[in-house]
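The values are calculated or read from the model by the stated rules, or taken from the named source; none is laboratory data. As the structure is a computational prediction, the values presented were derived from the model and not from experiment. Cβ placement follows ideal geometry from the backbone for every residue including glycine, while neighbour counts extend to all protein chains displayed.
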Amino acid sequence: MTILTTSRLRLRPATKADLAAFHVALSDPRAMRYWSTLPHESLAVSREWLTRMRHGTHPDFAIEHRGQVIGKAGAYGLPEVGFLLHPSAWGRGFATEAMAAVIAHVFASTDTDHLTADVDPRNTASRRVLEKLGFHISHSATRTFLLGDEWCDSVYYRLDRNERLRAAP
């Protein structure tokens, strides 16, 4: 069981006991505004999501701050990475801190030569996080997925292992 720690956060495998905390974020329209699904309407939907997260084969972590789960960070399927935080944790640098730990872990523990992220172009906060971490835009596409009755576009980011190593202190 891999546990990552930063100065303020603990990233650990999710457990069944995290369901309520994740559901708070996954059912919040603000948190899910630029996610790939609509807000979860029931605990059962969040339970299915958590089961998939827990049984995935790629590093995906619950983010704890002061003992409370505030979100997730990791890989859905390498090379794609991403993060989700409850709005109460926004604007405090937690996403950047968590993803920096995830990126270092992925590059140290796998032979993946690059990472990618798919972001709604309107999600300026997430785009800033990725750019701070050294990701660059590789391409974009329109109408990439239908969220409810709204078509969403995507901006695709990429971080190459070699670029990350050159930028490391």
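The table below lists the values:
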read-out	value
Where a residue in segment 41-68 is without any contact (Cβ under 8 Å) to a residue 60 or more places away in the chain and its partner, wherever it lies, is in a helix (DSSP H, G or I) and of a type in the set (Gly, Ala, Ser), with Cβ under 6 Å and at least six apart	63/98
Residue within segment 149-169 that is within 19 Å of residue 76 (Cα to Cα), aromatic (Phe, Trp, Tyr), at pLDDT below 95 and not in a loop (DSSP other than H, G, I, E, B) present	no
Residue 145 being at pLDDT below 95 and either farther than 29 Å from residue 21 by Cα or not basic (Lys, Arg) (or both)	yes
Pairs with Cβ under 8 Å, 6+ apart, first in segment 132-147 and among the small types (Gly, Ala, Ser), second part of a loop (DSSP other than H, G, I, E, B)	140/121
Sole residue being farther than 23 Å from residue 86 by Cβ and surrounded by fewer than 13 Cβ atoms within 10 Å (Cβ to Cβ), chosen from 124, 116, 142	142
Any hit, segment 72-83, residues being of a type in the set (D, E, K, R), in contact with a helix residue (DSSP H, G or I) (Cβ under 9 Å, 6 or more places away or on another chain) and within 23 Å of residue 40 (Cβ to Cβ)	yes
Every residue from segment 105-131 that is within 26 Å of residue 1 (Cβ to Cβ), in a helix (DSSP H, G or I), in contact (Cβ under 8 Å) with a residue 24 or more places away in the chain and not β-branched (Val, Ile, Thr)	105, 107, 109
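The rows are residues; the columns are (1) among the polar types (S, T, N, Q); (2) more than 22 Å from residue 135 (Cβ to Cβ).
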| site | (1), (2) |
| --- | --- |
| 2 | yes, yes |
| 5 | yes, yes |
| 10 | no, yes |
| 17 | no, yes |
| 95 | no, no |
